[in-house]
Amino acid sequence: MTNKLLLIPFFLLFIGQMRAFDTSDGESFLGLTVENLFKADAIPLDIRPQRGVEADEDNVVFFYGSGFSLFLFKNRVWQVRYDRRAVQAPYDLKIGDQRSRILSGFLQKEMIPLLTGEDSLTFQLRDRPWPVRMSLYFDGESLDDIYVYRSDF
């Protein structure tokens, strides 16, 4: 019992650090360096390679838990992923949101999809200082995956 009580302060410290690491704005992570990430308040739960088809498609993925991952190429974040476990997501999106509601909300903001697919929507978010897109992937009609990324990589 005493050992379990000793773990509580460490758990609370970890939770406090994750709150300080605001994952709701994926664009703010783009371009960060490995050094920036190691100076951040949050520590990744897992760091792993992700092989691409070609060598220039290889990434290192920092998984932080709660469905949030950062993809690095040449020591810079180029992509942010929110998967089905995500508790925070950009643009007031929530995993499980219906495709029609999302599309309607973006159209009201005069954001027209750049690409549409049977199971996806892609929006151009900005062009400067580098082009940024957001791709939304659906399982049926429910939002299942979000990627915010530099489209110049």
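With everything on Cα atoms, drop me the angle between helix 2-20 and the longest principal axis of the chain, reported from 0 to 90° to the nearest 10.
Value to nearest ten degrees: 30.
Treating the angle as unsigned and between 0 and 90°, give the value, to the nearest 10°, between the Cα long axis of helix 99-108 and the longest Cα principal axis of the chain.
For 99-108 against the chain, the angle is about 70 degrees.
If packing is taken as the average number of other Cβ atoms within 10 Å across a peptide's residues, how do 99-105, 74-80 rank, most packed first?
Per-residue mean Cβ counts within 10 Å order the peptides as 74-80, 99-105.
Any chance you could run the full-extension gain for I43 through F153? It's 0.36 nm times the residue separation minus the Cα-Cα distance, nm to one decimal.
Working: separation 110, 0.36 × 110 = 39.60 nm, distance 2.54 nm.
Once the chain is fully extended between I43 and F153, it gains 37.1 nm.
Can you give me the % of accessible surface on the chain that is carbon or sulfur? Probe 1.4 Å, all protein chains present, nothing else counted. Don't skip to the answer; put the middle values down first.
Values: 5130 of 9600 Å².
So the carbon and sulfur contribution to the accessible surface is 53 percent.
Could you tell me which label, among [x] 26.2, 80; [y] 15.1, 48; [z] 17.1, 58, carries the value of Rg and Dmax of the Cα atoms in Å calculated for this structure?
Derived directly from the coordinates: [z].
The values are calculated or read from the model by the stated rules, or taken from the named source; none is laboratory data. Since the model is a prediction, treat every value here as computed from it, not as a measurement. Positions of Cβ are backbone-derived with ideal geometry, glycine not excepted, and every protein chain shown enters the neighbour counts. Keep in mind that these areas ignore ligands, DNA and RNA; they rest on the heavy atoms of the full protein, side chains included. Shrake-Rupley method; radii C 1.70, N 1.55, O 1.52, S 1.80 Å.
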